[in-house]
Amino acid sequence: MGDYQMWLQFTDGRAGIVDFSDDLWGEDLEPLRDPITFAELVLDEGLATLSWERGGIDISPSYLYSKLESVQ
């Protein structure tokens, strides 16, 4: 989708783009400012969310859902 953006679909059928452009601040999320590192995201099926192995970072599913922008 582009730097710091991803398309997601939730089990309730809601789908759209999540844009992290304005969210990658603070010491914990700083590694994700590197687009190559950001692109290393994986689906953590145990937590049912996105995570990045490098840095042990994961994002709350409810936060992802709240950030979802409908695709027009």
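Simple spin-label estimate for Val42 and Arg54 gives 1.4 nm between the two label positions (7 Å along the Cα-to-Cβ direction from each Cα).
Taking the accessible area of the chain, probe 1.4 Å, and keeping the other protein chains in place, the carbon and sulfur fraction comes to 51%.
The residues of the chain expose on average 68 square angstrom of accessible surface per residue, using a 1.4 Å probe on protein heavy atoms. Stretching Asp19 away from Lys67 to a fully extended chain increases their span by 16.5 nm, per 0.36 nm per residue minus the current alpha-carbon distance. Note on the chain: with charges restricted to the Cβ of Lys and Arg (+1) and Asp and Glu (-1), its dipole about the Cα centre is near 240 debye.
The slack between Met6 and Arg33, meaning 0.36 nm per residue of separation minus the straight C-alpha distance, is 8.3 nm.
Is the range 1-61 rounded, prolate or oblate when judged by the Cα gyration tensor, a ≥ b ≥ c being the square roots of its eigenvalues, rounded requiring a/c under 1.5 and prolate requiring a/b larger than b/c?
Working: a/c = 1.96, a/b = 1.35, b/c = 1.45.
Note, shape of the range 1-61 comes out oblate.
The values are calculated or read from the model by the stated rules, or taken from the named source; none is laboratory data. Predicted model only: the values in this text are computed from it and were never measured. Cβ sites come from the backbone with ideal geometry, for glycine too, and all protein chains shown count toward neighbours. Heads up: the accessible areas ignore ligands, DNA and RNA and are worked out on the full protein's heavy atoms, side chains in. Shrake-Rupley method; radii C 1.70, N 1.55, O 1.52, S 1.80 Å.
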